[in-house]
Amino acid sequence: MVLVYISSNNGIAKSVVETITYARKLSNDVVVITTGAASQDDLAQLGKYGASSVKVDRAIVGGDSQQLSRLISSLALSLSADTVLFSHDVIGKAVAPRVSVQLKAGLVSGAIALPEENGSIKVNVFSGKAMGFVHVKSALKIISLLPNSIPAELNGSNCPVEEINGDAGAALIKVISVKRPEGDIPLPEAELVVSAGRGMKGPENWGMIENLASALGAATACSRPVADIGWRPHHEHVGQTGVAIRPNLYIAIGISGAIQHLAGVNGSKVIVVVNTDSEAPFFKAADYGVIGDAFDVIPKLTEAVKKFKSSNN
Amino acid sequence: MKILVCISKAPDTTSKIAFSQGNTVFDENGVQYIVNPYDEWYALVRALEIKETIGGEVTIITVGSANDDAIMRKALAIGADAAVRVDADPKDAYFTASQIADFAKTEGFDLIFTGKETINFNGSQVGGMIAELLDLPFVSLASKLDLKGETIQLEREIAGGVELIEVNIPVVVSCAKGMAEQRIPNMRGIMAARTKPLKVISPTAVEELTSYVSFVTPAAKSTVKIIDASNMDELVRLLHQEAKVI
Ligand SMILES: Cc1cc2nc3c(=O)[nH]c(=O)nc-3n(C[C@H](O)[C@H](O)[C@H](O)COP(=O)(O)OP(=O)(O)OC[C@H]3O[C@@H](n4cnc5c(N)ncnc54)[C@H](O)[C@@H]3O)c2cc1C
């Protein structure tokens, strides 16, 4: 059976249902363990994606990796799980390595596909410049799934939800506050991303980038120099030394396409490049290209998207 | 404050990535190794800043071969005080973390820093494993760290937001962008690094838990379709009908 840990503090995120979908493809017996504030109704809905049952421990409020790992490891043992699954997000990155040590079970971090026939699991390596197949030597496997790697699928109906007290001990890490930007789509989970680089000349010109993103319902991203000069926040920096993303659509505006930038985005399914320079290296990695001035092209593209959206509704 | 910074080598970011022996081994031909950027820019520099403010000692550690002494000297030139190399091939994250934890367990470090991940294997595993092996709290992906006596305050990015947290030392922290700014070593640092201690120790016997079976490189894109800059309706149509992404 597969034990899945999800955080439900922010409701049921897309990565949560992807993780449960993945688990269901590994086994018919999927037990979800969660901490957080999601309602019993919301948690019961996880059955629709393949959960057989959900256990929720309300005593753990933050993301303390010692508490969470104790809770998860002891459940994995008592349920005789053969796989423990996480989402490869900030919590998964903190907790999965501890569970791996506690259970002496190999960890595959950032899985992007279901296991191959030989049991190995595909992950991104070299920041997306290549993929590797990881073999786990232990019988019990720990996997953390990269967001946006498999589409969520409906597969069942509501499942039972049980409140438990996992006795995970006290938290040594105290959460003081959480700042949450309103309405933003978290970049690693976004299916559509509008990204811009130094070609935008200055931060005052990002209005048109945001307009295009909001017309599409996309998240915004940027190249490294743009974050380094402070035109955009650091969490928007994508690439080899920033966030690696694999959205369905990546629109790169005024970005040259340096190797370090491409590393973080070339897992995108479709890439559109807008650049004044027809020789920009990014065109070699693109599916669709527009040779033109962003200041002229982007407002037109935004209008075209709006027109399409209104005629399609 | 006694600080341990875990250092990994990584191929220079401009390296072309290729594999040999039937796609089972990373082809190191012509590859230049650097200090993994997250380890250098954020973990090491933040450790040095703390030492400069309140005093202490910054030790760096890597698990690797004599070839890695060059990147250790680079980290010493940036300002670390002493280096330790566990003389072994870093087979997987569990093996590597076990070696570092084994060294650290009797040294009494107040802070143990790693980078967020390496840019070659991107696992984000070693820090959390060291913390578990030493039974210490672990903060993943911290973008800011402030010392308040025995307590440290950290910020980290969580799904769509920023969390402010507090924890007592000793603690293990993985360091992400925002923690510090890259430093370029100067001539004096480079000279001083030559005589700083670089201790080589033998590994302890640990079985790895994972291995790489093989590698692939992404399929090349077919040629780009150029759309006229004055015809954005056409681009939208293609994205909808052909690419089916909107
Ligand atoms: C160790 C290391 C790590 C790195 N990691 C990363 C990383 O993670 N992510 C990353 O992005 N970079 C990274 N870089 C930097 C990378 O090498 C490039 O310098 C960077 O990506 C360039 O950013 P850019 O494309 O925005 O700017 P530029 O290279 O300056 O390109 C600007 C582009 O905009 C175009 N342009 C100009 N005006 C217009 C206009 N009006 N309309 C349309 N197009 C226009 C230009 O033709 C040009 O192609 C790293 C570098 C190093 C050394």
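Per-structure values
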{"quantity": "Restricting the stretch A:84-107 to residues that are among the β-branched types (Val, Ile, Thr) and at the interface with chain B (Cβ under 7 Å from one of its Cβ atoms), the residue that is nearest to the chain's Cα centre (by Cα)", "calculated": "A:Val90"}
{"quantity": "Residue that is farthest from A:Gly110 (Cα to Cα), among those in the stretch A:252-277 that are out of contact with any Gly (no Cβ under 7 Å at 6 or more places or on another chain) and away from the ligand (no atom under 12 Å from the Cβ)", "calculated": "A:Val272"}
{"quantity": "Selection within the stretch A:237-281 - more than 22 Å from the chain's Cα centre (by Cα), surrounded by 24 or more Cβ atoms within 10 Å (Cβ to Cβ) and facing chain B (nearest Cβ under 9 Å)", "calculated": "A:Val273, A:Val274"}
{"quantity": "Only one of A:Lys122, A:Lys129 that is touching a Leu at 6+ places or on another chain (Cβ under 9 Å) and either modelled with pLDDT of 95 or more or away from chain B (no Cβ under 11 Å) (or both)", "calculated": "A:Lys122"}
{"quantity": "Number of the exception - B:Phe138 against (1) of a type in the set (Phe, Trp, Tyr); (2) facing another protein chain (nearest Cβ under 9 Å); (3) farther than 13 Å from A:Ile173 by Cβ", "calculated": "(3)"}
{"quantity": "Sole residue being outside any strand (DSSP E or B), open to solvent by less than 10 Å² (accessible area, probe 1.4 Å), within 24 Å of A:Pro186 (Cα to Cα) and not small (Gly, Ala, Ser), chosen from B:Ile130, B:Ile119", "calculated": "B:Ile119"}
{"quantity": "Flag for B:Asp27 being within 13 Å of chain A (Cβ to nearest Cβ), surrounded by fewer than 17 Cβ atoms within 10 Å (Cβ to Cβ) and within 15 Å of the ligand (Cβ to nearest atom)", "calculated": "no"}
{"quantity": "Selection from the stretch A:222-236 of residues that are surrounded by fewer than 20 Cβ atoms within 10 Å (Cβ to Cβ) and either more than 7 Å from every other protein chain (Cβ to nearest Cβ) or within 15 Å of A:Ser268 (Cβ to Cβ) (or both)", "calculated": "A:Pro225, A:Asp228, A:Ile229, A:Gly230, A:Pro233"}
{"quantity": "Those helices (runs of 4 or more DSSP H) lying entirely in the stretch A:200-288 with at least 3 residues touching a Pro at 6+ places or on another chain (Cβ under 9 Å)", "calculated": "A:207-216, A:259-265"}
{"quantity": "Only listed residue being among the hydroxyl-bearing types (Ser, Thr, Tyr) and out of contact with any Asp or Glu (no Cβ under 9 Å at 6 or more places or on another chain), chosen from B:Thr118, B:Thr195, B:Thr151", "calculated": "B:Thr195"}
{"quantity": "Among residues of the stretch B:33-85, those that are within 16 Å of the ligand (Cβ to nearest atom) and either among the basic types (Lys, Arg) or touching a residue at least 60 places away in the same chain (Cβ under 8 Å) (or both), counted", "calculated": "14"}
{"quantity": "Test for A:Glu191: is it out of contact with any helix residue (DSSP H, G or I) (no Cβ under 8 Å at 6 or more places or on another chain) and more than 13 Å from chain B (Cβ to nearest Cβ)", "calculated": "no"}
{"quantity": "In the stretch B:157-185, the residues that are more than 8 Å from every other protein chain (Cβ to nearest Cβ), crowded, with 16+ Cβ neighbours inside 10 Å and either under 19 Å from A:Ala219 (Cβ atoms) or of a type outside the set (Val, Ile, Thr) (or both)", "calculated": "B:Pro170, B:Cys175, B:Ala176, B:Met179, B:Ala180, B:Arg183, B:Pro185"}
{"quantity": "All positions within the stretch B:133-151 that are touching a residue at least 24 places away in the same chain (Cβ under 8 Å), under 24 Å from B:Lys105 (Cβ atoms) and part of a strand (DSSP E or B)", "calculated": "B:Phe138, B:Val139, B:Ser140, B:Ala142, B:Leu145, B:Leu147"}
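The values are calculated or read from the model by the stated rules, or taken from the named source; none is laboratory data. This structure is a prediction, so every number in the text was calculated from the model and none was measured. Because the Cβ atoms are built from the backbone with ideal geometry, glycine has one as well, and the counts that use them run over all protein chains shown. Remember, those area values only see protein heavy atoms, side chains included, never the ligands or the DNA or RNA. Shrake-Rupley method; radii C 1.70, N 1.55, O 1.52, S 1.80 Å.
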